[in-house]
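Trainee: Just dropping this structure here.
The values are calculated or read from the model by the stated rules, or taken from the named source; none is laboratory data. A quick note: this is a predicted structure, and the numbers were derived from the prediction, not measured. Neighbour counts are summed over all protein chains in view; Cβ atoms, including those assigned to glycine, are modelled from backbone coordinates with ideal geometry. With ligands, DNA and RNA removed, areas are computed over all heavy atoms of the protein, side chains included. Shrake-Rupley method; radii C 1.70, N 1.55, O 1.52, S 1.80 Å.
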Amino acid sequence: METRIINLRELDQEAASAVYAEAAAVIRSGGMVAFPTETVYGLGANALDEEASARIYAAKGRPSDNPLIAHIADKKQLYEIAEYVPDTAELLMKTFWPGPLTMIFRKKEIVPYGTTGGLDTVAVRMPDHPVALSLIRAAGVPIAAPSANLSGRPSPTTADHTAEDMDGRIEMILDGGPCEIGIESTIVDMTEDIPVILRPGYITQEMLCRLLGEVKVDQALDPSRWKNFRPKAPGQKYKHYAPKAPMTLIEGNTTDVVKKILELAEERIKEKKKVGIICTDETQDYYSHGVIRSIGSRIRMESVAHNLYDILRTFDDIGVDMIYSEAFDFDELGYAIMNRMLKAAGHKVIRAGKTEEVTD
Ligand code: AMP
Ligand code: MG
């Protein structure tokens with residue numbers, strides 16, 4: 001199939017409206033359109049059409065039990081697909097929608113199991129991006145959209161990333177420029193008495209607790225569990241958001257971390273390997289060998305989130321043999337960033353310093 005890539009930033013309002021009408025027709029007829037949101041690019045199809053959802057799974061190569069998020073443009077659409085919306089959710093919506101917060105509700109019958117991965121619940125989000133909102137409004141249906149990457153690859157944060165993975169697989173890609181946030185939405189399960197965070201994101205537990213008092217974090221997200229993660233079945237190591245080259249995170253105090261990465265890089269370079277290093281603005285000048293890229297500034301963690309997936313894809317393009325990356329603290333936005341980085345590294349972590357240890 002030929003994929004049309006349309007740069008909306010080059011169009012005047014009238015031409016853009018024609019593109020939205022066309023993209024909406026694709027969605028309504030069961031096709032797929034990738035579009036930008038403030039988090040990452042989404043791969044959209046009609047959330048109420050089981051066959052359209054099935055196409056998303058096929059295009060991504062995604063296991064069909066991994067549910068999709070339904071994207072809406074106004075609150076009315078939520079009540080059309082959610083069976084029950086608790087007051088706590090209303091409160092979160094007022095503050096965080098449109099925005100990078102996905103909430104899970106009991107679904108109405110109108111939402112097919114093909115969209116929810118067979119679950120009786122539906123995940124819903126109102127994205128904070130003019131292109132996403134215009135497309136959903138024009139389509140007139142909620143749009144199911146996972147990240148527009150091939151399953152297992154880093155999520156796309158530009159139209160170029162999206163085209164790399166989806167060219168030839170979908171009808172259209174709307175180019176609205178790079179995504180501002182760069183990591184996926186926070187997911188909160190609102191079907192429990194006390195809401196539970198299932199995926200950390202830009203909206204942190206602290207931010208949610210300030211409004212609701214108590215919000216839990218799913219046990220599987222406990223950092224100590226990530227570090228000691230062991231796959232249940234051999235060969236089923238959980239790898240996600242992954243660059244092509246094996247990646248290792250190095251944690252500890254900054255001086256020890258830099259020293260350890262320098263040491264590792266030097267060893268590998270002697271073995272004629274091409275080594276990628278992910279450092280920060282604060283440490284960049286300390287590195288001398290290898291392909292060195294700063295992921296952003298430690299004092300502005302938003303910049304780290306923004307650049308994360310782009311840097312992983314850059315190392316794919318350069319074709320390094322391995323990647324060593326500085327790790328981050330688990331507080332606030334660092335929690336969401338480390339959640340992705342640990343998955344990208346297949347949970348391989350070296351603790352630098354006196355008590356050096358390797359976890360993988
Ligand atoms: P992605 O679209 O790639 O950002 O992935 C969507 C994420 O939302 C997946 O990891 C799902 O596990 C999660 N999700 C979507 N719907 C549900 C649901 N009904 N219950 C629990 N998790 C969900
Ligand atoms: Mg994804």
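Trainee: Compute the distance in nm between two label points, each set 7 Å from the Cα along the Cα-to-Cβ direction, one at L91 and one at S64.
Mentor: Result: 4.0 nm between the two label points.
Trainee: So, one more: State the percentage of accessible surface on the chain attributable to carbon and sulfur atoms; use a 1.4 Å probe and exclude ligands, DNA and RNA. Mind showing how you got there, number by number?
Mentor: Working: 7660 of 16020 Å².
C and S atoms contribute 48 percent here.
Trainee: Not counting ligands, DNA or RNA, and with a 1.4 Å probe, what is I81's accessible surface area in Å² rounded to the nearest 10?
Mentor: The accessible area of I81 comes to roughly 0 Å².
Trainee: Give me the net charge of Y335's neighbourhood, meaning all other residues with Cβ under 12 Å from the Cβ of Y335; Lys, Arg count +1, Asp, Glu -1. Numbers along the way, then the final one.
Mentor: Details: positive: R199, R340; negative: E206, D222, D329, D331, E332.
Summing Lys/Arg as +1 and Asp/Glu as -1 gives -3.
Trainee: Considering only protein heavy atoms, with the full assembly of protein chains and a 1.4 angstrom probe, order M247, M1 by accessible area, largest first. It would help to have the intermediate numbers written out before the result.
Mentor: Working: M247 5, M1 125 Å².
In descending accessible area the options line up as M1, M247.
Trainee: Applying the Karplus parametrisation 6.51 cos²θ - 1.76 cosθ + 1.60 with θ = phi - 60° to the phi angles of region 70-80, what ³J(HN,Hα) value in whole Hz is obtained for each residue in order, glycine and proline being reported as x?
Mentor: In residue order, the calculated couplings are 8, 9, 10, 10, 8, 5, 3, 5, 5, 5, 6 Hz.
Trainee: Here's a follow-up. Could you state how much accessible area K76 has, in square angstrom rounded to the nearest 10, with a 1.4 Å probe and all protein chains kept in place?
Mentor: 140
Trainee: Classify region 76-209 as rounded, prolate or oblate from the Cα gyration tensor: take a ≥ b ≥ c as the square roots of its eigenvalues, call it rounded if a/c is under 1.5, otherwise prolate when a/b beats b/c and oblate if not.
Mentor: prolate
Trainee: Restricting to the chain, what percent of DSSP beta bridges are antiparallel, rounded to 5?
Mentor: Approximately 40 percent, going by the DSSP bridge assignments.
Trainee: Also: Please calculate how many Å² of accessible area the chain carries per residue, with a 1.4 Å probe and no DNA, RNA or ligand atoms counted.
Mentor: 45
Trainee: Over the heavy atoms of R268, what accessible area does a 1.4 Å probe trace out, to the nearest 10 Å²?
Mentor: Result for R268: roughly 50 Å² accessible.
Trainee: Now a separate question. Hey, could you get me the Stokes-Einstein D for the chain, Kirkwood radius over alpha-carbon pairs, 37 °C and 0.692 mPa s, rounded to whole µm² s⁻¹? Present the calculation step by step, with values, prior to reporting the outcome.
Mentor: On the way: Rh = 21.1 Å.
Estimated via Stokes-Einstein, D reaches 156 µm²/s.
Trainee: On to the next question. Using only the heavy atoms of the protein chains and a 1.4 Å probe, how would I72, I104 rank by accessible area, largest first? Could you put the intermediate results ahead of the total?
Mentor: On the way: I72 0, I104 25 Å².
Descending order: I104, I72.
Trainee: Taking the Cα atoms of region 235-294, what is the range of coordinates along each of the three principal axes, in descending order and whole Å?
Mentor: 37, 27, 18
Trainee: May I ask what percent, to the nearest 5, of DSSP beta bridges between residues of region 266-335 are antiparallel? Numbers along the way, then the final one.
Mentor: On the way: 1 of 9 bridges.
Taking every DSSP beta bridge with both residues in region 266-335, the antiparallel ones total about 10 percent.
Trainee: Which of these, R106, R300, R199, has the largest mean-square fluctuation under a Gaussian network model of the chain (Cα springs below 10 Å)?
Mentor: R300
Trainee: Going down the table (K107/K244; K94/K343; K216/K348; K108/K348; K75/K348), which pairs top 30 Å between alpha carbons? Don't skip to the end; give the middle numbers.
Mentor: Numbers: K107/K244 37 Å; K94/K343 32 Å; K216/K348 26 Å; K108/K348 41 Å; K75/K348 42 Å.
Beyond 30 Å: K107/K244; K94/K343; K108/K348; K75/K348.
Trainee: How would R293, R210, R137 line up by accessible area, probe 1.4 Å, largest first?
Mentor: On the way: R293 90, R210 180, R137 145 Å².
Descending accessible area places them as R210, R137, R293.
Trainee: Defining a contact as two alpha carbons under 8 Å apart and six or more residues distant in sequence, what relative contact order in percent does the chain show?
Mentor: Working: 789 pairs, mean separation 66.9, N = 360.
RCO, the chain: 19 percent.
Trainee: First check a/c for region 1-104, with a ≥ b ≥ c the square roots of the eigenvalues of its C-alpha gyration tensor; if it is under 1.5, answer rounded, and if not, answer prolate when a/b is larger than b/c or oblate otherwise.
Mentor: Details: a/c = 1.99, a/b = 1.31, b/c = 1.52.
Verdict is oblate for region 1-104.
Trainee: Using a/c under 1.5 as the rounded threshold, could you call region 49-105 rounded, prolate or oblate? The axes a ≥ b ≥ c are square roots of the C-alpha gyration tensor eigenvalues, and prolate needs a/b larger than b/c, oblate otherwise.
Mentor: Numbers: a/c = 2.46, a/b = 2.14, b/c = 1.15.
It comes out prolate by the Cα gyration axes.
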